[in-house]
Amino acid sequence: MVNGEVKIPVKFTLLGNEIDVEFNNDRLDDMNAYGATHYAHNKIMISDIYKGKQVSNDVIGHTYWHEVVHQILDKMGEDELN
C-alpha cells in the first residue's frame, strides 16, 4: 500500500502460470465474498464495492494477498492446505 492506495496488478506470473486479476463486484456480491480464485482459469477476482458500500484499501489488500496464497497452494499441489 502506498499513500493509502493498494497497488493490485492486472496480471502476474506464478510458477509459469499467468494469473489475471480483475475487480468483479457483481459476481462477488452474488457469492457473498470480497474475493475469489478460479483455479482452472488462473484468475483472481476482488471486490472494491461490496453490498453497495466501498471496501477499504486494507480489506482490498488483504483480500488480494489471501487469494494469491490460494493460487500458490494450488500451483504447489497442496490441495489439503488450499
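A few points about this structure:
- Within a Gaussian network of the chain (alpha carbon springs, distance under 10 Å), most fluctuating of 53, 11, 43: 53
- Placing a label point 7 Å from the Cα of residue 26 along the Cα-to-Cβ direction, the residues of region 43-58 with a backbone N closer than 16 Å are 46-52.
- Within the shell of other residues whose beta carbon sits under 13 angstrom from the beta carbon of residue 32, the net charge comes to -1, with Lys and Arg scored +1 and Asp and Glu -1.
- Accessible surface of region 1-67, 1.4 Å probe, proportion on carbon and sulfur as whole %: 49
- Positive minus negative residues near residue 43 (Lys, Arg vs Asp, Glu; Cβ under 9 Å): -2
- Rounded to the nearest whole Hz, the Karplus-based 3J(HN,Hα) values (6.51 cos²θ - 1.76 cosθ + 1.60, θ = phi - 60°) of region 14-24 follow the sequence 10, 6, x, 10, 7, 9, 8, 10, 9, 8, 9, with x at glycine and proline.
- Using alpha-carbon coordinates, inclination of helix 57-76 to the longest axis of the chain, degrees: 10
- A helix-only calculation puts the chain at -10500 deg cm²/dmol for mean residue ellipticity at 222 nm, using -39500 (n - 2.57) for each DSSP H run of at least four residues, averaged over all residues.
- Whole-angstrom gap from region 64-82 to region 38-52, using each part's C-alpha centre: 15
- Prolate/oblate/rounded call for the chain, Cα gyration tensor, a/c under 1.5 rounded: prolate
The values are calculated or read from the model by the stated rules, or taken from the named source; none is laboratory data. Nothing here was measured: the structure is a model prediction, and the numbers come from that model. Every residue, glycine among them, receives a Cβ derived from its backbone with ideal geometry; neighbour counts consider all protein chains shown. What goes into the accessible areas is simple: the full protein's heavy atoms, side chains included, and nothing from ligands, DNA or RNA. Shrake-Rupley method; radii C 1.70, N 1.55, O 1.52, S 1.80 Å.
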